[in-house]
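**Student:** One structure is given below, represented as structure tokens, and several questions about it will come after.
What follows is calculated from the coordinates using simple rules that are stated; it is not laboratory data. Worth saying up front: this structure is predicted, and the values here are computed from it rather than measured. No Cβ is skipped: glycine too gets one built from the backbone with ideal geometry, and neighbour counts run over all protein chains shown.
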Amino acid sequence: MADKKKQHKNEELGREKLEDMLRKMQLIRSFEEKVAWFFSRGMVHGTTHLYIGEEATAVGATAALRDDDYITSTHRGHGHCIGKGIELNRMMAEFLGKSDGYCKGKGGSMHIADVRSGNLGANGVVGGGIPIAVGAGLTSKMKKQDRVVLCFFGDGANNQGSFHESLNLASVWKLPVVFLLENNTYAMSLNVAKSTAVSDLTERARAYSMDAHQMDGNNVMEVYHTVREAVEQARENGPVFLVSHTYRIMGHSKSDANRYRTREEIEAWKAKDPIPRFEQYLIEEHDFSREDVDAVGENARNAIEEAVAYAEQSPFPSIESIEEDVYA
Amino acid sequence: MREITYAEAIREAMSEEMRQNDDVFLMGEDVGVYGGAFGVSLGMVDEFGSERVRDMPISEAAIIGSGVGAAATGMRPIVEIQFSDFLTIGMDQLVNQGAKMRYMFGGNATVPLVVRAPEGSGTGAAAQHSQSLEAWFAHIPGLKVAVPSTPEDAKGMLKSAIRDDNPVVFFEQKLLYRKKGPVPEKEYTIPLGKARIHRDGGDLSLITYGRMLPLCLDIAKELSDEHGIEVEVVDPRTIRPLDRETLISSVKKTGRALIVHEAVTMGGFGGEIAAVLADSEAFPYLDAPIRRVGGLDVPIPYCPELEKQVVPTHDSVRSAVLELLDWEYGS
């Protein structure tokens with residue numbers, strides 16, 4: 001666990017940054033609630049993977065990056081995108097398959113990306129983004145860019161070959177990559193205790209001579225400070241491995257009937273909701289008032305409604321565009 | 001014109017592009033001091049250093065995937081897969097990631113990656129080191145697939161592949177690596193997607209690529225010398241994109257088409273070529289069915305006598321040509 005001291009008031013984070021972190025957590029929550037609302041009414045096509053309950057990990061981690069650092073993301077990627085600072089309007093438009101979306105409506109929920117801003121994309125394949133993160137780290141090293149790649153993946157990915165190959169390669173080449181395992185407890189229905197031979201997931205990294213730390217993934221300040229340190233270490237000396245312990249409150253995807261876990265377990269994790277927890281911290285430690293934090297939540301909900309309005313008026317991509325962008 | 005080997009031509013292409021562009025680099029298993037399993041990159045590490053000629057662990061998913069990631073962020077990697085059979089181990093990164101990234105992201109990514117992969121039988125390496133899997137990759141929108149058959153084409157096409165902003169799978173022909181051919185000394189490139197007519201003729205279009213080209217050229221010469229039969233030998237050179245126009249116009253002229261490749265006939269790229277021809281304005285010109293000669297429907301066997309028979313042979317190709325020339329409907 002990160003040094004306890006770091007969880008307390010830390011001068012390096014000003015009020016503006018703290019408020020931005022809360023704002024992004026609330027944006028993620030509201031975005032996901034809106035996504036769930038669309039699905040519950042059968043208003044969108046396909047499937048989606050909600051990040052509700054895990055907001056502290058995406059926001060704490062991306063808050064520790066420089067603007068020019070990279071991320072790679074997962075099928076459960078909405079939180080990472082918002083953390084990295086994506087434009088909500090274009091993100092919502094992509095979710096709805098509209099032409100003003102980041103991917104012109106061709107990627108959808110699982111492929112939102114903004115390469116120019118360093119977001120190398122969500123990924124439909126479990127573990128699929130990990131080698132790509134290593135490649136981005138290689139670019140940074142070869143071009144002496146001093147950029148770090150923050151590579152998100154879940155506990156499900158830690159048993160993929162691509163994960164092991166990538167950790168090894170990044171370590172051998174000392175690439176500036178922070179591997180961040182979001183242990184949200186379940187890979188679809190399989191509990192990490194049943195999928196993974198080691199109970200301490202940081203042991204994965206030790207096999208590749210990589211420093212590893214774990215953190216309470218529902219504590220945004222702990223995530224921020226742990227990732228911050230890892231990012232600076234990666235920038236100087238090569239890869240670091242982090243495990244963020246959190247929980248997927250919603251089902252794996254819209255098809256999930258939650259047969260593999262108990263209501264009690266879900267309720268117990270709901271009690272550890274990272275958003276009220278961070279609000280409480282801001283009130284107690286940083287002179288935020290209840291009205292201040294409530295206003296952040298309210299503004300976030302409004303921003304999501306505005307994004308919906310933008311996305312709904314955006315046209316679907318034209319049939320003529322169907323063959324565009326296969327090749328450069 | 002000077003003559004160099006197919007392997008030397010590939011090395012020249014890589015070295016020239018690496019001298020011209022710092023973003024170009026080579027990585028793969030044993031590509032450094034060892035020079036690659038077939039010696040293609042021999043000596044390159046001495047000129048470019050181990051940062052730009054990077055030896056990699058045996059991790060094909062990470063090899064291809066890190067190539068995709070490096071390409072998407074501004075480098076122009078050339079990745080060597082030691083045997084094309086091992087592309088299967090890195091398939092997700094090539095097919096699900098690299099090939100689709102641009103489309104999936106709405107044009108918001110560019111993946112200038114070259115994956116070099118030696119293919120083909122004839123080396124006694126048996127079933128897991130001898131396949132010709134090019135058709136698999138031709139099936140994937142987003143990839144380009146090159147199968148050069150001469151040293152000149154290998155060099156010019158590889159330079160184009162390196163400069164191309166799309167992922168290109170570059171199938172090198174193991175049995176051609178040591179074969180010499182004329183290669184210009186001055187700078188040149190050969191565009192991807194342009195077929196080459198190696199020999200003009202009016203009697204039959206012999207469409208072939210890769211290692212089968214020299215065999216087909218021998219047969220064409222033989223038939224001309226012995227019987228005055230003029231076979232047109234056409235090499236598409238890249239199978240994606242495919243130069244349909246050149247193939248179609250050749251068959252319109254000759255009225256007969258035989259497609260020859262080493263890959264297993266069933267599901268092989270010859271089927272696509274046959275379909276393109278049958279579904280084109282060449283159809284009414286056909287005087288005989290379109291025929292394919294490809295590999296037998298078995299994995300590549302070890303025993304040298306069997307290995308020779310599993311792929312198209314001089315006899316099987318020559319007899320197919322003669323049968324098509326003698327074809328009469330209703331006969």
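**Student:** Restricting things to Cα coordinates, could you compute the convex hull volume per residue of chain A in Å³? Don't jump to the answer; show the numbers that get you there.
**Tutor:** Working: hull volume 44.1 nm³, N = 328.
Per-residue hull volume (Cα only) is 135 Å³.
**Student:** Rounded, prolate or oblate, given the Cα gyration tensor of the protein assembly as shown, with a/c below 1.5 counting as rounded? Walk me through the numbers on the way to the answer.
**Tutor:** On the way: a/c = 2.58, a/b = 2.01, b/c = 1.28.
Prolate.
**Student:** Please report the net charge: other residues with Cβ closer than 10 Å to the Cβ of A:G127, K and R +1, D and E -1.
**Tutor:** Details: positive: none; negative: A:E165, B:D92.
Value of the local net charge: -2.
**Student:** How well do other chains shield peptide B:52-59, expressed as the mean number of their Cβ atoms within 10 Å of each residue Cβ?
**Tutor:** On the way: counts 1, 0, 3, 1, 4, 5, 1, 10.
Across the residues of B:52-59, the mean count of other-chain Cβ atoms within 10 Å is 3.
**Student:** At what distance in nm do the modelled label points of B:M266 and B:D297 sit from each other, each positioned 7 Å from its Cα along Cα→Cβ?
**Tutor:** Roughly 0.4 nm, to one decimal.
**Student:** Within segment A:94-154, report the trypsin sites (Lys or Arg not before Pro) that DSSP leaves as loop and that have at most 14 other Cβ atoms within 10 Å. Walk me through the numbers on the way to the answer.
**Tutor:** Working: sites: A:K98, A:K104, A:K106, A:R116, A:K141, A:K143, A:K144, A:R147; in loops: A:K98, A:K104, A:K106, A:K143, A:K144, A:R147.
Passing both the DSSP loop test and the Cβ count: A:K144.
**Student:** In whole Å, how far is the Cα centre of segment B:237-265 from that of segment B:79-142?
**Tutor:** If you average the Cα positions of each part, the centres end up 22 Å apart.
**Student:** Fewest Cβ neighbours within 10 Å first, please rank B:R237, A:R263, A:R90 accordingly. Let's see the in-between values first.
**Tutor:** On the way: B:R237 27, A:R263 8, A:R90 21.
Taking fewest neighbouring Cβ atoms as first place, the list is A:R263, A:R90, B:R237.
**Student:** Treating cross-link reach as a plain straight distance, find the lysines whose alpha-carbon is under 16 Å from the alpha-carbon of A:K143, omitting any fewer than eight places away in the same chain.
**Tutor:** A:K174
**Student:** For the pairs A:K24/A:K84; A:K84/B:K100; B:K144/B:K194, flag any whose C-alpha to C-alpha distance is greater than 20 Å. If you can, show how the numbers build up before the last one.
**Tutor:** Values: A:K24/A:K84 9 Å; A:K84/B:K100 23 Å; B:K144/B:K194 12 Å.
Table pairs above 20 Å Cα-Cα are A:K84/B:K100.
**Student:** Sorting check: for A:219-231, B:119-131, B:7-19, B:59-71, which peptide has the highest mean count of neighbouring beta carbons within 10 Å, and how do the rest follow? Walk me through the intermediate numbers first.
**Tutor:** Values: A:219-231: 24.5, B:119-131: 18.6, B:7-19: 21.2, B:59-71: 29.7.
The packing order, highest mean first, is B:59-71, A:219-231, B:7-19, B:119-131.
**Student:** Return one number: the angle in degrees, 0 to 90 and rounded to the nearest 10, between the long axis of the Cα atoms of helix B:314-325 and the longest principal axis of the Cα atoms of chain B.
**Tutor:** The answer is roughly 50 degrees.
**Student:** What's the local net charge at A:G105, with K and R +1, D and E -1, over the other residues with C-beta under 9 Å away? Mind dumping the intermediate values first?
**Tutor:** On the way: positive: A:K98, A:K104, A:K106; negative: A:E94, A:D100.
Around A:G105, the surrounding residues sum to +1.
**Student:** To check you understand DSSP bridge types, tell me what percent of the beta bridges within segment A:13-314 (both residues inside) are antiparallel, rounded to 5.
**Tutor:** Rounded to the nearest five, the antiparallel share is 10 percent.
**Student:** Over 28 Å between Cα atoms: which of A:K104/A:K254; A:K141/B:K159; A:K98/B:K159; A:K104/A:K144; A:K34/A:K270 fall into that group?
**Tutor:** Over 28 Å apart, Cα to Cα: A:K98/B:K159; A:K104/A:K144.
**Student:** I've got another one for you. Taking K and R as +1 and D and E as -1, what net charge do the other residues with C-beta under 10 Å from the C-beta of A:G238 add up to? Mind dumping the intermediate values first?
**Tutor:** Details: positive: A:K141, A:K174, A:R235; negative: A:D211, A:E236.
Local charge sum for A:G238: +1.
**Student:** On to the next question. For each of B:C216, A:C151, count neighbouring Cβ atoms within 10 Å of the residue's Cβ, then give the residues from fewest to most. The partial results should precede the final answer.
**Tutor:** On the way: B:C216 28, A:C151 33.
Lowest to highest Cβ neighbour count: B:C216, A:C151.
**Student:** In segment B:227-331, what GluC sites (Glu not before Pro) fall in a loop by DSSP, with at most 16 other Cβ atoms inside 10 Å? Each step should come with its number before you reach the end.
**Tutor:** Values: sites: B:E230, B:E232, B:E245, B:E262, B:E272, B:E281, B:E305, B:E307, B:E323, B:E328; in loops: B:E230, B:E281, B:E328.
Sites meeting the loop and neighbour criteria: B:E230, B:E281, B:E328.
**Student:** Just checking the output field for B:75-82: average partner chain Cβ neighbours within 10 Å of each residue's Cβ? Intermediate results must be reported in sequence, preceding the final value.
**Tutor:** Working: counts 6, 0, 4, 0, 1, 0, 0, 0.
Mean inter-chain Cβ contacts per residue within 10 Å come to 1.
**Student:** Once the Cα gyration tensor of segment B:95-188 is diagonalised, what are the square roots of 5 times its eigenvalues, in whole Å and ordered largest first, as equivalent ellipsoid semi-axes?
**Tutor:** Working: eigenvalues 136, 77, 11 Å².
Square roots of five times the eigenvalues give 26, 20, 8 Å.
**Student:** What order do you get for A:M142, B:M101, A:M43 when you list them from fewest to most C-beta neighbours inside 10 Å? Could you put the intermediate results ahead of the total?
**Tutor:** Details: A:M142 20, B:M101 28, A:M43 10.
In order of increasing Cβ crowding within 10 Å: A:M43, A:M142, B:M101.
**Student:** Ratio of alpha-carbon Rg to the 2.2 N^0.38 Å globular estimate for segment B:3-182, to two decimals, please. Display every interim value, and only then the final one.
**Tutor:** On the way: Rg = 14.9 Å, N = 180, 2.2 N^0.38 = 15.8 Å.
Output field value: 0.94.
**Student:** Here's something else I'd like to know. Dimensions of segment A:141-267 along principal axes (Cα, Å, largest first)?
**Tutor:** 49, 31, 25
**Student:** When you have a sec, figure out the Kirkwood radius of segment B:137-285 from all distinct Cα pair distances and drop it here in Å to one decimal?
**Tutor:** Across segment B:137-285, the inverse of the average 1/r is 15.8 Å.
**Student:** According to the Kirkwood expression over distinct Cα-Cα pairs, how big is the hydrodynamic radius of chain B, in Å? Mind showing how you got there, number by number?
**Tutor:** On the way: mean 1/r = 0.0495 Å⁻¹.
In chain B this quantity evaluates to 20.2 Å.
**Student:** Only helical DSSP H runs with n ≥ 4 go in: add -39500 (n - 2.57) per run for chain B, normalise by residue count and round the 222 nm mean residue ellipticity to 500 deg cm²/dmol.
**Tutor:** Details: 11 runs with 111 residues, N = 331.
Mean residue ellipticity, 222 nm, calculated: -10000 deg cm²/dmol.
**Student:** Viscosity 1.306 mPa s, temperature 10 °C: Stokes-Einstein D of segment A:226-328 from its Kirkwood Cα radius, in µm² per second?
**Tutor:** Numbers: Rh = 19.2 Å.
It comes out at roughly 83 µm²/s.
**Student:** Report, for the protein assembly as shown, the % of DSSP beta bridges that are antiparallel, rounded to 5. It would help to have the intermediate numbers written out before the result.
**Tutor:** Working: 11 of 65 bridges.
Given both bridge residues lie in the protein assembly as shown, the antiparallel proportion sits at roughly 15 percent.
**Student:** Right, something else. Inside 10 Å of the C-beta atoms of B:160-173, what's the mean count of C-beta atoms belonging to other chains? Walk me through the numbers on the way to the answer.
**Tutor:** Numbers: counts 0, 0, 0, 0, 2, 2, 3, 2, 0, 0, 0, 0, 0, 0.
What the average comes to for B:160-173 is 1.
**Student:** Looking at A:G85, A:L22, A:P317, which one has the Cα that reaches farthest to the positive end of the dipole of chain A (charges on Cβ: Lys, Arg +1; Asp, Glu -1)?
**Tutor:** Towards the positive end, the residue furthest out is A:P317.
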